[in-house]
Amino acid sequence: MQTKTREQIIDTLLEGYRTNYNIATVEGQEDGIVASAEYHVSESGYVLIRSAETWTANSNEYVYFISVPHLTSDLASDYVEFAYRDALDKLDIDHAKHHMCTRAVTVFVCDEIAPEAEAIIRKCNRRKSFMFSLKGWLEVHTIGIVLGQKGLYVISNRYAKDTAEYINELF
């Protein structure tokens, strides 16, 4: 089996996300954040006619694709914090009507990973609720795609298990 490069992995990921997400790539960047994706969905329920709406829920997802040759704990921490802050800045809870959930997803693609960085990805438990979850919550999903000597493998925190399964299906 031919080994894939980080650029090929990113291209495959973006192709997989392109069907449902708005993608923005960063041109000419080989390391760091190479692309981001946004997904917004609004769901509602009604009785008999649409004007008799009973509930509405809005969800957002912001994905940051990060490509680095060697992922250290400092880099992992910095990018997870960046994703959290950026998603929080995009969210205006005071004026957001019917907000349910926002996800800030960091997808690290690296050739090698430090054990401390792997622990940061697996144990990331960043979550913020707004008014005791009455106005929704924000949670951070972390995923690592490592091309190491063992071959390609995917790691994630507990929030991102479904996303990790989807990424495994892509490869």
When the residues of the range 30-62 are narrowed to those that are surrounded by 12 or more Cβ atoms within 10 Å (Cβ to Cβ) and among the hydrophobic types (A, V, I, L, M, F, W, C), which ends up nearest to residue 135 (Cα to Cα)?
57
Selection within the range 2-41 - at positive phi and out of contact with any strand residue (DSSP E or B) (no Cβ under 9 Å at 6 or more places or on another chain):
28
Residue under evaluation residue 134, criteria (1) over 14 Å from the mean Cα position of the chain (by Cα); (2) outside any strand (DSSP E or B); (3) surrounded by 16 or more Cβ atoms within 10 Å (Cβ to Cβ), criterion not met
(3)
Select from the range 53-87 the residues that are more than 17 Å from the chain's Cα centre (by Cα) and of a type in the set (Val, Ile, Thr) and list them in ascending order.
54, 56, 72
Number of the condition not met by residue 22 [criteria: (1) modelled with pLDDT of 85 or more; (2) exposed (fewer than 12 other Cβ atoms within 10 Å of the Cβ); (3) in contact with a Gly (Cβ under 9 Å, 6 or more places away or on another chain)]
(3)
Considering only the range 103-118, state which residues are assigned to a helix (DSSP H, G or I) and among the aliphatic types (A, V, I, L, M).
117
Tally time: how many residues in the range 138-165 are part of a strand (DSSP E or B) and crowded, with 16+ Cβ neighbours inside 10 Å?
12
From 168, 125, which residue is part of a helix (DSSP H, G or I), among the polar types (S, T, N, Q) and surrounded by fewer than 19 Cβ atoms within 10 Å (Cβ to Cβ)?
168
Let me confirm something: among 119, 76, which residue is modelled with pLDDT of 95 or more, closer than 21 Å to residue 164 by Cβ and surrounded by 20 or more Cβ atoms within 10 Å (Cβ to Cβ)?
76
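The values are calculated or read from the model by the stated rules, or taken from the named source; none is laboratory data. This is a predicted model, so every value here is computed, not measured. Counting neighbours? That spans all protein chains shown, and the Cβs are built from the backbone with ideal geometry, glycine included.
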